[in-house]
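Step one of this worksheet: look at the structure below.
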Amino acid sequence: MLLEQGFENSHLNAPLLAFVWRCAADGRVTRESLAWSLTHLGTNSIFTRRSRLHAELHSLATGNRCPGKPARIIEEKITTLDMAAGTITTEGGHTYTGDLIIGADGINSAVRAAILSTNSLAGSVDVAGGAAAVPSGVAAYLCIVPNSVIRDDPVLAFQTGEKSGMATFHSDDGRKQVLVFPADAENFQIIAYHPEDGWVEQFTQSGSSIIKDIPAERAVQDFVEFHPSIQKMFASAATRDV
C-alpha cells in the first residue's frame with residue numbers, strides 16, 4: 001500500500017529478510033526455511049530503522065505525492081482510538097478518520113497511551129507519556145555490529161552469502177534466544193532474549209524501560225552457554241542496551 005502511494009525503498013535502506021535459520025547454541029544450523037511473510041503472504045519482510053521509516057512517513061503525509069492538501073493538527077491530545085473504525089478522538093472532542101493511523105513515537109506514543117491504561121497494569125514501571133513498561137519475565141540485549149564481525153567468523157559467515165535473512169540461536173533449555181539479521185548495508189542487528197530476573201530491580205529503581213551501556217562482560221556471562229563466536233558479537237558491539 002505504501003509503495004503504491006510513493007514510498008521510496010531506497011530511503012529506507014532496508015535489507016530483505018527472506019530466510020530464517022534456526023541454530024543451536026553451539027552455532028550449528030539445524031533448519032533453513034523461508035520467512036513466514038513469503039510462505040503465507042507472498043511478500044518479503046524487511047528491516048529498517050525507525051528514524052528512516054518516520055522520515056518517509058512524514059514525507060508521504062506532508063508532501064505532494066498524494067492528492068489534497070495535508071492537514072497539520074498540532075498539540076491535540078488523543079484520548080480514544082477506535083481501531084475498527086479507523087478514528088481517533090481528542091481531548092477537545094474532535095474526531096479524525098484515517099486509513100492508516102501510526103503512533104510514531106515509540107513507547108511514549110500518544111496512540112499507544114490511548115489504548116493502554118497505566119492503572120490497570122499490575123507491576124508496571126511508569127515511563128513518561130502515560131505508557132508503561134511491564135515486567136514480562138523476558139529482557140533483551142540490543143546492539144549493532146559491523147558486517148565484518150559476521151563475515152569473518154566461520155561459524156557466522158553463512159549469513160553473509162547470497163541469501164538474506166535472520167539467524168536464531170537457541171539455548172538448549174529454550175530460555176535464551178539470539179536473533180541476528182542485517183540492519184543495513186554496513187551492519188547487523190543483534191537482539192538477544194534472556195530471563196529478566198537479574199534486571200527487574202534496576203528497571204524498577206530507574207523508572208526506565210531501557211538500561212544503557214551494559215558492559216560486554218555482563219552480556220557474555222548472560223550467554224555463557226553459547227558458542228564463543230556468538231559471545232564475541234556482544235564484545236564487538238560499540239554499546240549494549242537492555
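The values are calculated or read from the model by the stated rules, or taken from the named source; none is laboratory data. All of these numbers come straight from a predicted model, not from anything done at the bench. With ideal geometry, Cβ positions are generated from the backbone for all residues, glycine too; neighbour counts draw on all protein chains shown.
Worth pointing out:
- Among the residues of region 199-230, those identified as touching a helix residue (DSSP H, G or I) at 6+ places or on another chain (Cβ under 8 Å) and modelled with pLDDT under 85 are Ser209, Ile211.
- Looking only at residues in region 229-242 that are surrounded by 20 or more Cβ atoms within 10 Å (Cβ to Cβ) and part of a helix (DSSP H, G or I), the one that is farthest from the chain's Cα centre (by Cα) is Ile230.
- Residue satisfying all of: in region 44-85; surrounded by fewer than 13 Cβ atoms within 10 Å (Cβ to Cβ) and basic (Lys, Arg); farthest from Leu16 (Cα to Cα) among these: Lys77
- Pairing residues of region 227-242 that are basic (Lys, Arg) with residues that are at pLDDT 95 or above and assigned to a loop (DSSP other than H, G, I, E, B), at Cβ distances under 8 Å and at least 6 apart in sequence or on separate chains, gives Lys232/Asp153.
- For region 155-176, the tally of residues that are over 19 Å from Ala35 (Cα atoms) and in contact with a Pro (Cβ under 9 Å, 6 or more places away or on another chain) stands at 3.
- Of all residues making up region 153-172, the number that are part of a loop (DSSP other than H, G, I, E, B) and under 24 Å from Asp222 (Cα atoms): 6
A quick yes/no check of all residues on (1) closer than 25 Å to Asp172 by Cβ; (2) surrounded by 13 or more Cβ atoms within 10 Å (Cβ to Cβ); (3) free of Cβ contacts under 8 Å to residues at least 40 places away in the same chain; (4) basic (Lys, Arg):
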{"position": "Phe7", "(1), (2), (3), (4)": "no, yes, no, no"}
{"position": "His11", "(1), (2), (3), (4)": "no, yes, no, no"}
{"position": "Trp21", "(1), (2), (3), (4)": "yes, yes, no, no"}
{"position": "Ala24", "(1), (2), (3), (4)": "yes, yes, no, no"}
{"position": "Gly27", "(1), (2), (3), (4)": "yes, yes, no, no"}
{"position": "Leu38", "(1), (2), (3), (4)": "no, yes, yes, no"}
{"position": "Gly42", "(1), (2), (3), (4)": "no, no, yes, no"}
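- Residue check, Ser59 in a helix (DSSP H, G or I) and touching a strand residue (DSSP E or B) at 6+ places or on another chain (Cβ under 7 Å): no
- Subset tally (residues that are outside any strand (DSSP E or B) and either surrounded by 15 or more Cβ atoms within 10 Å (Cβ to Cβ) or out of contact with any strand residue (DSSP E or B) (no Cβ under 9 Å at 6 or more places or on another chain) (or both)) for region 173-192: 6
- Breaking point among (1) surrounded by fewer than 20 Cβ atoms within 10 Å (Cβ to Cβ); (2) under 24 Å from Phe158 (Cα atoms), for Phe226: (1)
- Within region 37-54, being within 17 Å of the chain's Cα centre (by Cα) and not polar (S, T, N, Q) holds for Ile46, Phe47, Arg49, Arg50, Arg52, Leu53, His54.
- When region 7-45 is filtered for residues that are on the phi > 0 side of the Ramachandran plot and either touching a strand residue (DSSP E or B) at 6+ places or on another chain (Cβ under 8 Å) or not assigned by TED's automatic domain parsing to the domain that holds Asp172 (or both), only Gly27 remains.
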